[in-house]
Amino acid sequence: MTALVSLDKVSMAYGRGATATRAIEEVTLDIAHGEFIAVVGPSGCGKSSLMKLISGLHPPLSGTLTLEGKPITSPIKAVGMAFQNSNLLPWRNIVDNVLLPLEIVQPHRSRMRSERAQYRDKAVKLLESVGLKGFTDRFPWELSGGMQQRSSICRALIHEPEILMLDEPFGALDAFTREELWCTLRDIQAARKVTVMLVTHDLREAVFLADTVYVMSNRPGRVIRRCSVNLPRPRDLEVTYTPEFQDIVHELRAAIGGRH
C-alpha cells in the first residue's frame with residue numbers, strides 16, 4: 001500500500017547560500033492512511049519545520065517528498081492545522097470561526113453562499129461532538145482555553161482534511177484540561193479515521209495518542225529513533241500509570257537526552 005505521505009532523505013533550510021540555516025537533515029519516514037504519528041525532540045530541532053514541509057508551506061532543499069505518490073510542490077488543501085494558540089477571530093462567534101476554512105478552500109468556497117445553512121449545521125454538529133453543545137453562538141472570549149482549543153480543532157476538521165496537523169495544541173493548558181483534550185482527540189481520530197501528525201514536547205501525550213513516535217535530534221533535525229506504541233486501543237487515561245506506558249516514555253526521554 002502506498003503511504004499517504006512519504007519523505008525520503010529530505011533536507012530543508014531557511015535562507016540561501018552561505019547564510020542558510022539547515023533545519024532538517026535527511027529525514028526519511030512514511031505516514032500511512034489513518035495513522036497517528038507524534039514528533040518529539042528538543043526545542044529548535046525542526047519539529048515545526050517538518051510540519052511546514054509536509055503541508056507544502058516550505059520547499060525541501062533536497063530529497064523526495066510525496067503525497068499519495070505525487071510530489072508536494074505547493075501548499076496542499078488536504079491539510080487541517082491547529083496550533084498552541086487557538087487563533088480564533090474574536091469578532092466571530094464559535095460556529096462562524098469553524099466555518100472559516102469553508103470560505104477559503106474550494107470547492108466549498110463556491111458553494112458557501114447557496115449552502116451556508118447546511119454547512120452551518122455541519123459545524124454545529126461537529127462542535128457538539130466535542131462537548132460544545134450550547135456554546136456554538138458564543139464568542140471566543142466567552143470560552144475557557146480548553147473550549148477554544150476544541151473549537152480550533154473543529155475548524156481544522158470542518159473541510160474533512162486527509163491530514164490533521166497539530167503543533168503543540170495543548171501546550172498552554174493546565175494538566176487536567178490537557179488530559180481531557182487527549183481523550184477528545186483520541187475519540188475524533190477513532191471516529192473519523194483521519195491521519196494525524198502531532199508535534200509536542202509532552203512525551204506522555206505522544207505515547208498516549210500516537211501509533212508511532214519519532215524522536216528528532218538537535219538542529220539540524222534528524223530522526224534518531226522511531227518508536228512503535230503497541231498499547232491496545234481504545235486507550236484510557238489509566239494506561240498512563242502502567243509499567244508498559246512508563247517504559248516507552250523513559251525510552252523516548254533517554255533518546256532525547258542522549259543525542260545532540
What is the distance in Å between the Cα centroid of region 209-260 and that of region 50-64?
24 Å
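Provide the net charge surrounding SER49, with neighbours chosen by a C-beta distance below 15 Å and charges set as Lys +1, Arg +1, Asp -1, Glu -1.
+1
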Taking Cα atoms only, helix 108-129 is inclined relative to the longest principal axis of the chain by an angle, in degrees rounded to 10, of 80 degrees
So how strong a dipole does region 86-161 carry about its Cα centre when Lys and Arg Cβ are +1 and Asp and Glu Cβ are -1, to the nearest 20 debye?
120 debye
I'd like the orientation of helix 145-157 relative to the chain: the angle between its Cα long axis and the longest Cα principal axis, in ° from 0 to 90, rounded to 10.
90 degrees
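Report, in deg cm²/dmol and to the nearest 500, the calculated mean residue ellipticity at 222 nm for the chain, where each DSSP H run with n ≥ 4 adds -39500 (n - 2.57) and the sum is divided by the residue count. Before the final figure, lay out the partial values.
Working: 7 runs with 90 residues, N = 260.
Here the helix-only value at 222 nm equals -11000 deg cm²/dmol.
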Extended-chain gain in nm, criterion 0.36 nm per residue less alpha-carbon gap, GLU115 and ASP30
26.9 nm
Rounded if a/c is under 1.5, else prolate if a/b is larger than b/c, else oblate: which is region 86-161, with a ≥ b ≥ c the root eigenvalues of its Cα gyration tensor?
prolate
Once the in-chain neighbours fewer than 8 apart are removed, the lysines whose Cα is under 16 Å from LYS47 read LYS9
Furthest towards positive pole of dipole, CYS154, LEU231, GLY171, structure part the chain, Cβ charges
CYS154
Which of the lysines could a cross-linker bridge to LYS77, judged by Cα under 20 Å and excluding same-chain residues fewer than eight apart?
LYS52, LYS122, LYS193
Mean Cβ-within-10 Å packing, highest first, puts peptides 50-61, 204-215, 171-182 in the order 204-215, 50-61, 171-182
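If you average the sequence gap of Cα pairs under 8 Å that are 6 or more apart and divide by the length of the chain, what percent do you get for the contact order? Walk me through the numbers before you get to the answer.
Details: 477 pairs, mean separation 67.0, N = 260.
Contact order relative to length: 26 percent.
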So how far apart, in nm, are the two label points at THR64 and PHE176 if each is 7 Å from Cα heading toward Cβ?
5.2 nm
Residues of region 183-223 with amide nitrogen under 15 Å from the 7 Å Cα-to-Cβ point of ASN230?
211-213
So what's the angle, to the nearest 10 degrees on a 0 to 90 scale, between helix 175-192 and the longest Cα principal axis of the chain?
80 degrees
Antiparallel versus total DSSP beta bridges in the chain: what percent is that, nearest 5?
50 percent
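Every number in this text was worked out from the coordinates using simple rules, so none of it is lab data. Computed from a predicted model, the values in this text were never measured in an experiment. Cβ coordinates were reconstructed from backbone atoms using ideal geometry, including for glycine residues, and neighbour counts include every protein chain displayed.
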